[in-house]
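To start, the structure itself, in structure tokens.
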Amino acid sequence: MEQLREEDQVSMTIENPEMLFSSDSEAESSNPRLEHNFRLFKTNGMIKLEENDKEHGLIKSGFITCMGPLAKEVEVVAIHKNSCSTILGKARLEAFRIFSEAVREKCNGNANIKYAWFGSSKEEICKIISHGFSRTTEAKSGECFGIGVYLYPANIDGVLSTVEDENGLRHMLLCRVILGNTEVIPAGSTQSQPTSDSEDFDSGVDNIVAPTRYTIWGSHMNSHIFPNFLLSFSFRLGNSSKINKVPLKGTPRIKFPDLLRALSQFLHPSRMALISKYYEDFQRNKITKLVLVRKLRQIAGDTSLRAIMKLYPYKDIGNKSLLLRCKGM
């Protein structure tokens with residue numbers, strides 16, 4: 001998203017909001033299953049960008065490019081823009097403007113405002129665009145970089161935070177984030193505020209030179225984060241008609257309970273219930289491992305499994321693991 005430069009876009013957002021937020025000319029989705037999703041977004045002040053819109057093209061291109069090895073597996077279904085048409089929406093935009101100026105003055109003219117991605121469930125996304133951020137996130141053991149709201153400069157790093165909804169869609173907010181002066185938050189830290197009482201630091205990063213995660217403290221989550229766009233996407237269905245029965249050297253081996261935990265963050269609960277049922281059948285010797293793997297691939301899809309394998313930090317954990325090898329993995 002090179003053309004959506006921070007400085008230019010902030011200037012438009014702060015000084016000329018009418019230029020950034022176009023009039024509401026959203027056409028209803030031709031797919032009835034998606035109309036309810038998009039109606040919820042529209043009710044909360046989001047307007048749908050048409051595919052020929054310049055901003056739609058820039059965001060879609062940037063999103064797909066940042067997906068790296070999964071670029072061919074994703075389909076961008078819709079992009080919505082925050083219209084700031086509600087009273088609260090206008091207030092949040094004004095608050096973001098005021099804090100941008102305050103941090104800019106404190107940091108000698110550079111508020112260090114960046115674009116960053118935030119992924120969650122559809123329900124959580126709706127709450128955020130309606131009422132703002134309401135809770136901080138403490139990542140799993142070993143992945144915690146402070147207690148706050150995590151955002152990611154590259155969308156692929158935030159994909160595992162998304163949750164598939166009932167229509168198979170996932171949703172990510174593209175936000176403007178006031179970083180100000182950043183400090184490194186080490187892995188495993190439970191820090192929940194800046195380390196200095198003299199206001200030297202405003203936010204946290206995992207790496208000062210090339211950050212992959214921003215940590216915005218709870219006290220700043222509704223003043224230093226402004227959701228600009230909402231992108232809805234899905235993973236294309238993988239080819240799950242064949243199973244490679246020959247274990248090859250280097251094939252990832254994953255304990256099924258670990259895989260279930262990862263998939264539970266990635267799939268709709270209805271699919272997880274079905275997968276859990278087949279796993280229970282396997283434990284009771286009602287079905288074979290081959291049938292279990294086939295059912296898993298049919299329900300989760302090779303694309304989701306590939307995403308888990310590529311994005312989730314698994315290690316080889318021995319011969320008692322469930323061996324998965326999907327075509328193209």
Report task. Exactly one condition in (1) open to solvent by 40 Å² or more (accessible area, probe 1.4 Å); (2) modelled with pLDDT of 90 or more; (3) farther than 28 Å from Val76 by Cα is not met by Pro153; state its number. Result -> (3)
Report summary line: Subset of the stretch 193-227, residues of a type in the set (Ser, Thr, Tyr), modelled with pLDDT of 90 or more and assigned to a loop (DSSP other than H, G, I, E, B), comes to Ser223
**Report entry** Residue tally, condition farther than 26 Å from Gly62 by Cβ and part of a strand (DSSP E or B), over the stretch 170-183
**Finding:** 1
Report task. State whether one or more residues within the stretch 78-87 are farther than 27 Å from Asp157 by Cα, surrounded by fewer than 13 Cβ atoms within 10 Å (Cβ to Cβ), at pLDDT 85 or above and among the hydrophobic types (A, V, I, L, M, F, W, C). Result -> yes
Query raised in the report: Taking the condition closer than 15 Å to Leu173 by Cα, open to solvent by 30 Å² or more (accessible area, probe 1.4 Å) and over 17 Å from the mean Cα position of the chain (by Cα), does Asn52 pass?
Result: no
Report task. Taking the residues in the stretch 242-259 that are modelled with pLDDT of 50 or more and open to solvent by less than 30 Å² (accessible area, probe 1.4 Å) as candidates, determine which candidate is nearest to Ser161 (Cα to Cα). Result -> Leu259
Query raised in the report: When the stretch 60-103 is examined, which residues are found to be among the hydroxyl-bearing types (Ser, Thr, Tyr) and touching a residue at least 24 places away in the same chain (Cβ under 8 Å)?
Result: Ser61, Ser83, Ser85, Thr86, Ser100
Query - Single match in Ala111, Ala71 (criterion: among the small types (Gly, Ala, Ser), within 21 Å of Leu151 (Cα to Cα) and exposed (fewer than 13 other Cβ atoms within 10 Å of the Cβ)) - result: Ala71
Report summary line: When the stretch 217-226 is checked residue by residue, the ones that are open to solvent by less than 10 Å² (accessible area, probe 1.4 Å) and more than 15 Å from Leu174 (Cα to Cα) are Trp217
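The values are calculated or read from the model by the stated rules, or taken from the named source; none is laboratory data. Bear in mind the structure is a predicted one, so any value in this text is a computation, not a measurement. Counting neighbours? That spans all protein chains shown, and the Cβs are built from the backbone with ideal geometry, glycine included. These accessible areas exclude ligands, DNA and RNA; they are computed on the full protein's heavy atoms, side chains included. Shrake-Rupley method; radii C 1.70, N 1.55, O 1.52, S 1.80 Å.
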